Structures are given as structure tokens and as C-alpha cells.
Amino acid sequence: MFINKYLNTYLAVAAAAAAAVAAVPAYAQSYPTKTIRFVIPFPPGGSNDIVGRVMATALTERLGRTVIADNRAGGNSIIGTEIVANSPPDGYTMLIISTSFTTNPVIHKLPFDPRKAFDWVAMLGVGPNVLAVTQSLPAKNVKELIALAKARPGQIVYASTGVGSNAHFATELFKHMTGTQMIHVPYKGGGPALIDTISGQAQICLSSLIQAIGHFRSNKLRALGTSGAKRSDILPDIPTIAEAGVPGYETQNWWGVAVSRGTPPAIIQRLNTEIGVILKAPETEKRLRGEGAEPVIKSPDELGKYVINEMDKWARLAKVAGIKGE
């Protein structure tokens, strides 16, 4: 009697477990059944906004459900990121992540653990920064900018997309490697930072190329150098910062997608697959490359390793360059 009762209980548990496992792929197959929210933790006009909206439009077509691009700016992406960290793990709230996701932990006390609060979905692309200066600044190249900054220590203002942002860290690295002193003024995103650089409120901004390219084409800003290991295909006449006077200097922007921890793996894989198809589409590649970004495809595990490595890298840089929270 005892053995039969135990066996029946075991079989019931095993059947329930098997049903649960089988239900995951079915759930993913029916996903999505409603509107998806794609949180962009920066204001309109910046690189995250541009890339995010390209993906939201393409995912709407691929998934057959509306994917809404939702700008939730503030705290150098912390506000929008927290929204997704606290969202249900069901794949209906996604987050575009970028360098600020990996630099924020270095200098901010976060209301979530970036290493444990998220599951990684897919990489979207990479792109260089570009050293942009207001047209009224007399420096016409990187060497002249360095000389000007040394002649006017603490007088040149640089704009960033926020404390702990890619622009902040990249410019502090530039200062560290050139021995210059400049004043940091953080903004709530790339759009506002570039607007004030155009007006002359700030003199320079080490911006992502994807958000600054239009201002170069309209001659509102002057490009002195790009931050990648090689010249940009869309600004071939502009030297890299390394070849223009700062040997060894190199930084880049990157963009990816994350969801809250606990999202079913089958849904994550579905999203990863769909994003991969989108990135391989000629029209997507042309659009992103035209904006200064290069599509990059990674698996969820590969993106996870990349994100953790970036966190560790920026933490080391902060110690070496003396970067602190403000």
C-alpha cells in the first residue's frame, strides 16, 4: 500500500514536471499575444533612441504585435532600467542597454543588481564615438584641442550624456591620456548634450557617431577624430583620435537588449532569433551603417559574457583614471 501510494505520487509529480517543460516551447510559440514595451532609458535624439526605434519598428513587423518604443530618461538610464528590472519576467517589457549600463555600477548606488536582475537577449551593434566641437572653438584638430585645453586648464566645458555614461568615461580617458583639465557638464541624454555643444554652452562632446553624424553633415558641429581602432566608413576623411595625437586611445559604443531575470528561455531565444533576422536584413544593415553603427549578432550567453566583461573593464579604468561619482 505504501509503495503504491509513493509510486502514484512520484508519477503525478513527474507528469506535472513534464507538462511544465512541454508548456514552455508552446508558450514561446504563441508569444507575443499583446503589445510589447521596449524601454529606451534616454530621451529622444540619442543613439539609444535611434537604434531602439529601428528595432521596435522591425520587431513589430516580425512578431505581428505592436512594439512600442518608450523613452524613460533620467539618472543616466537608471530610471528606465529600474522599470524593466522590476517588470514581470514574461518578455513583454524589454530594455535597450548600452555602455552606460556597464559604467553606472562603478559610480552609482543602483536600486537593482545589473549582474543579477536581467537576462540577456541579443546584441544589436557597435559604433565609434566621435570628438565633436562647437564651430566657434578655434581648435581645428586633436593636437590643437589638446594644446588649447592645456593653455586654458579648467576653462573648456565638455558635455556628456550623464555621470557614468560612455561619453563621460570616454572623455575622462581622453583627459587622463592627454594630461588636460576640462569641466564636465552631464546631461540627460545625447540629444540635449549635442544641442548645448552646438549652441556653445559646452565646447566639446565625445558623442556616439550615430547621434552626431547629422550635425556634421549640416555643419553645426566639427568632427576632430573618431574613437575606433580604424577610421569610420562614413567619415573616412576624419582621423582616429589615436592617429591624430593620442596613441592607444580607443573606445566604442554598443547596444543590446535585455529583459527581467526569469524570463522563459524559449521566449529569449525567440527574440534573439527574430533580432538576428532583422540585423541580417539588407535594409537594416544599410540604415544602421548609414548612421555609423555596425550590426553585430551574438547569442544570449555571448552577450551576457560581453556585458560582464565591460563592467569589469570600466571598473578598472575608474581606478586608474580616478573617475568618481558626482
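When we screen PRO247, PRO192, PRO239 for residues that are modelled with pLDDT under 95 and surrounded by fewer than 22 Cβ atoms within 10 Å (Cβ to Cβ), the only hit is PRO192. For the range 224-268, a residue qualifies if it is small (Gly, Ala, Ser) and touching a helix residue (DSSP H, G or I) at 6+ places or on another chain (Cβ under 8 Å), and the qualifying residues are GLY225, SER227, SER232, ALA244, GLY245, GLY248, GLY256, ALA258, SER260, ALA266. Show me the strands (runs of 3 or more DSSP E) found entirely inside the range 57-148 where at least 2 residues are on the phi < 0 side of the Ramachandran plot, among the aromatic types (Phe, Trp, Tyr) and within 18 Å of the chain's Cα centre (by Cα). By residue number, 118-134. For the range 120-136, the set of residues classified as surrounded by 19 or more Cβ atoms within 10 Å (Cβ to Cβ) and not β-branched (Val, Ile, Thr) consists of TRP120, ALA122, MET123, LEU124, GLY125, GLY127, PRO128, ASN129, LEU131, ALA132, listed by residue number.
Conditions tested, residue by residue: (1) of a type in the set (Gly, Ala, Ser); (2) buried (at least 20 other Cβ atoms within 10 Å of the Cβ).
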{"site": "SER218", "(1), (2)": "yes, no"}
{"site": "ARG222", "(1), (2)": "no, no"}
{"site": "ILE234", "(1), (2)": "no, no"}
{"site": "GLY256", "(1), (2)": "yes, yes"}
{"site": "ARG261", "(1), (2)": "no, no"}
{"site": "ALA266", "(1), (2)": "yes, no"}
{"site": "ILE275", "(1), (2)": "no, yes"}
{"site": "LYS280", "(1), (2)": "no, no"}
{"site": "GLU283", "(1), (2)": "no, no"}
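Inside the range 176-220, residues that are of a type in the set (Lys, Arg) and in contact (Cβ under 8 Å) with a residue 40 or more places away in the chain make up a count of 2. Condition test on THR171, is it closer than 24 Å to PRO192 by Cβ and either out of contact with any helix residue (DSSP H, G or I) (no Cβ under 7 Å at 6 or more places or on another chain) or modelled with pLDDT under 95 (or both)? Answer is yes for this residue.
Residues in the range 79-109 that are modelled with pLDDT under 95 and over 25 Å from GLY276 (Cα atoms): THR103, ASN104, PRO105, VAL106, ILE107, HIS108, LYS109. On inspection, ASP196 does not qualify as over 23 Å from LEU235 (Cβ atoms) and not aliphatic (A, V, I, L, M). Going by the structure shown, is THR81 without any contact (Cβ under 8 Å) to a residue 60 or more places away in the chain and in contact with a strand residue (DSSP E or B) (Cβ under 7 Å, 6 or more places away or on another chain)? Yes: the conditions hold for THR81. Answer with yes or no whether ARG217 is touching a strand residue (DSSP E or B) at 6+ places or on another chain (Cβ under 9 Å) and either more than 30 Å from TYR92 (Cα to Cα) or among the polar types (S, T, N, Q) (or both). When the stated conditions are applied, ARG217 does not pass them.
All conditions but one from (1) touching a residue at least 12 places away in the same chain (Cβ under 8 Å); (2) out of contact with any strand residue (DSSP E or B) (no Cβ under 7 Å at 6 or more places or on another chain) apply to ASP70; the one that does not is (2).
Any chance the range 175-187 includes a residue that's assigned to a helix (DSSP H, G or I) and touching a strand residue (DSSP E or B) at 6+ places or on another chain (Cβ under 7 Å)? Scanning the range 175-187 turns up no residue that is assigned to a helix (DSSP H, G or I) and touching a strand residue (DSSP E or B) at 6+ places or on another chain (Cβ under 7 Å). For the range 27-43, the set of residues classified as surrounded by 17 or more Cβ atoms within 10 Å (Cβ to Cβ) and either in contact with a helix residue (DSSP H, G or I) (Cβ under 8 Å, 6 or more places away or on another chain) or at pLDDT below 95 (or both) consists of ALA28, TYR31, PRO32, ILE36, PHE38, VAL39, ILE40, PRO41, PHE42, PRO43, listed by residue number.
The values are calculated or read from the model by the stated rules, or taken from the named source; none is laboratory data. Owing to the predicted nature of the structure, the values given are computational and were not obtained by experimental measurement. Every residue, glycine as well, gets a Cβ built from its backbone with ideal geometry; the counts of neighbours run over all protein chains shown.
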